[in-house]
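The values are calculated or read from the model by the stated rules, or taken from the named source; none is laboratory data. Keep in mind it's a predicted model, so treat the numbers as computed, not measured. Positions of Cβ are backbone-derived with ideal geometry, glycine not excepted, and every protein chain shown enters the neighbour counts. Areas reflect the complete protein model, heavy atoms only, side chains present, ligands, DNA and RNA absent. Shrake-Rupley method; radii C 1.70, N 1.55, O 1.52, S 1.80 Å.
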Amino acid sequence: MSTWRFRARQAVETPQDLPWVTGVLWDEAAALPVGKAGFHGAPDADGMVEVGYAVDPALRRRGYARAALVTLLARARR
């Protein structure tokens, strides 16, 4: 099942996950989608979340994954 199809079903079945799930990685300067990143769901009872991300293979080694992870970790801390 594709990520987007899975997340669409997840949004219906567990709407509390919606603010946490996968979104598009977007390079604003290039006006280009470069991948996807997000959490697999809302934090659990201990406040833990699982991070997931992927960058288009043709666009790797440009700092997108690192930027996504830094942003996701900061968001999770908030």
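Values computed for the structure shown
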item	result
Protection proxy ranking, peptides 31-40, 14-23, 56-65, average beta carbon neighbours within 10 Å, highest first	31-40, 14-23, 56-65
Extension gain, Ala74 back to Ala42 (0.36 nm per residue minus Cα-Cα distance, nm)	10.0 nm
Relative contact order computed over the chain (Cα-Cα under 8 Å; 6+ residues apart), in percent	21 percent
Loop GluC sites (Glu not before Pro), the chain, which have at most 14 other Cβ atoms in a 10 Å radius of their Cβ (DSSP)	Glu28, Glu50
Within the accessible area of the chain (1.4 Å probe), percent carbon and sulfur	56 percent
Size of electric dipole in the chain: Cβ of Lys, Arg +1 and of Asp, Glu -1, about Cα centre, debye, nearest 20	280 debye
Degrees between helix 64-77 axis and first principal axis of the chain (Cα, 0 to 90, nearest 10)	30 degrees
Within region 23-41: backbone nitrogen closer than 15 Å to the Asp56 label point (7 Å, Cα to C-beta)	24-37
With Cα atoms, 0 to 90° folded angle of helix 3-13 axis to the chain main axis	20 degrees
Long-range HN-HN contacts of Leu25 with modeled amide H, under 5 Å	Val34, Gly35, Lys36, Ala37
